[in-house]
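Working notes, beginning with the structure itself.
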Amino acid sequence: MVVPELRGWRAARPRLTGLARAAKPRLVQLVRAARPGLVRAVRSVRPRVARLTRATRPRPAKPTAWRYTAAAATAGLALAAGVVTATGPWDSTGQRTAERDRAVALERAGGTDHGRASDTSGTSDAAADEPRPAPSAAPVLVGLGSGGSLVKSAAGGPALATVLDPFLRDPALGTRHSAVVVDVVTGRRLYGRDVGEALTPASTTKIATAVAALSALGPDHRLTTRVALEPTAGNLVLIGGGDPTLTARPDAHGWASLRTLADATAAALKKRGLGKVTLSYDTALYAGPDLHPIGVNENLAPVSALMADEARTDDSTSGPAPRESDPAAAAARSFGRFLQDHGIRTTDPRPARATGRAQTLASVSSPPLSDVVERMLTNSDNDIAEALARQTAAATGGRPDFTGGARAIAARLKTLGLPLDGAEFHDGSGLNRDDKLTADLLTALLREAADPAHPELRPVLTGLPVAGFTGTLTDRYTSDGAAGIVRAKTGTLTGVNTLAGTAVDQDGHLLAFAFMAEGTTDPQAAQSTLDRTATALSACGCS
């Protein structure tokens, strides 16, 4: 069996070696800071790491480039239930590589592959095959709850309260706050403070969106943008498939490429002897208003089934940015220019709806949904979140608009048996201040994603930013022992600060936590207090 990602991994190795060398000074600093915790973690996982190493790959002849990345991976992948499957370096996005290597060795197919080295945006003519399923990855949380697992059940109790209470009583956390810590192995609540109080979750809402989307669509699902030719000669329609990761940039980095779609379309048109077309675009997949209730905002483009580069008008790839007012029209104009580069003349694009008689000429597909979810969580990407809410609605028979997406998320979580008392959803991103979640629900979502019975939800955990290394936690935890140990989704609105994720404590217990604060007046002080609380949790030997 040939696994495409293995070829990409080999091709990427020189680049990863360079990245490792460039990161060496920072990693050395972080490893020194985290050394006491790392020593304990490495001792506890050494036997299993050795077994995984033998199972997945031969030892490299030159270990120099691996020495520093292995230390970071040992810390950053502590999420793996103390197993720390750190048998190789991280990939260029900071996500786990050892899991993918093991999947390659086992030659499993049909699960979650988050690598983008292989071509996942393949083009097709009408008769071409659909994109192949991604190779499967072994569960991140190996052996949870099974015999021989290195993960122990945490005791919690008064000792944990003694550690956390002083932080959670800090005035910086405002007038209302709640907190929950759960043992991931048993699901037992180890700590609770106003656990059922529903507060504004901000971007931690994306955890719920991710669970709902993966549950409804599956981790292998791909979002496809296609081009169809109507029976009327020369009437070409660009049909949006709701892919928020579609890009028009010269280097697509493995995401679906509008340029690649234009290349294939031009070739198909020339085969038919067509050198001039009437260009239109179809956004009918989504319904309702495209503007979020917060109005025009640099944190989110108007939600459209067709957009390129999230309608950004600058070179950014994440975070706030100026946006096109009509993402679909802007994407269609770019597509028309790419066709013209191939000698195909086009009209100015206009909105239209493709008929059932239109023949597909070419298509490009996103990477697996598992990969899209990871990008959403790591970067706290609002555009992806709103797209996934609509995709969840469409997949479950709901209306794909803001209201329908919110209802679909709640319905999927109810199906999973999660505690929804007090929860209210109004969007998928958490930008809506009317969203309400409880700390109890957030930790339940994280534990559900860790449950071996739900491997399709694993990207919810692997996508969480790594403290001090990736996404929205890149510049946080860099001076304390929690760097690489805590993985968490952040959430910030005016007067709201939240943090929910996982940590491995000093005794090797995998814990899920959610800290929520409302009525904060100093966002930096509140953020610092939440970070120190998570650090204290990871440093606790409270059993």
Unit charges at the beta carbon, dipole of region 384-517: most positive-side option, PHE513, THR490, LEU413
LEU413
Fully extended contour minus Cα-Cα distance, from ASP348 to ARG272, at 0.36 nm per residue:
25.2 nm
Report the gain in length on full extension from ILE294 to LYS414: 0.36 nm times residue separation, minus Cα-Cα distance, nm rounded to one decimal.
40.5 nm
Amide H neighbours of LEU246 under 5 Å, at least 5 residues apart or on other chains, H built in the peptide plane: list them.
ASP309
Out of the total accessible area of region 275-384 (probe 1.4 Å, heavy atoms of protein only), what percent is carbon and sulfur?
44 percent
Taking only protein heavy atoms into account and a 1.4 Å probe, give the accessible area per residue of region 425-543 in Å².
26 Å²
How big, in percent, is the set of alpha carbon pairs in region 238-362 lying more than 16 Å apart?
62 percent
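Using the crude model of +1 on Lys and Arg Cβ and -1 on Asp and Glu Cβ, and no other charge, please compute the dipole size for region 425-494 relative to its Cα centre, in debye to 20.
Value, rounded to 20: 140 debye.
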Please identify which residues in region 330-358 have an amide N closer than 11 Å to a label point set 7 Å out from the Cα of ALA284, following the Cα→Cβ vector.
352-358
What whole-number distance in Å separates the alpha-carbon centres of region 337-387 and region 175-205?
38 Å
Karplus-derived 3J(HN,Hα), 6.51/-1.76/1.60, for each residue of region 433-448, Hz, glycine and proline x
5, 7, 4, 9, 9, 10, 4, 4, 5, 4, 5, 5, 4, 5, 5, 4
Amide H neighbours of ASP290 under 5 Å, counting only residues 5+ apart in sequence or on other chains, H built in-plane at 1.01 Å?
none
R0 of 35 Å, Cβ-Cβ distance THR317-ALA233: FRET efficiency to nearest 0.05:
0.35
What residues have an amide H closer than 5 Å to that of LEU190, excluding those fewer than 5 places away on the same chain, when H is modeled at 1.01 Å from N in the peptide plane?
VAL181, VAL182, ASP183
For region 468-475, just list the computed ³J(HN,Hα) in residue order, Karplus coefficients 6.51, -1.76 and 1.60, θ = phi - 60°, integers in Hz, with x standing in for Gly and Pro.
x, 10, 10, x, 6, 10, 4, 9
With θ set to phi - 60° and the Karplus curve 6.51 cos²θ - 1.76 cosθ + 1.60, what are the ³J(HN,Hα) couplings of region 174-180 in order, to the nearest whole Hz, using x for Gly and Pro?
x, 8, 9, 7, 8, 7, 9
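The values are calculated or read from the model by the stated rules, or taken from the named source; none is laboratory data. Quantities reported herein were computed from a predicted structural model and do not represent experimental measurements. Glycine also receives a Cβ, built like all others from the backbone with ideal geometry; neighbour counts cover every protein chain displayed. Side chains included, ligands, DNA and RNA excluded: accessible areas come from the protein's heavy atoms. Shrake-Rupley method; radii C 1.70, N 1.55, O 1.52, S 1.80 Å.
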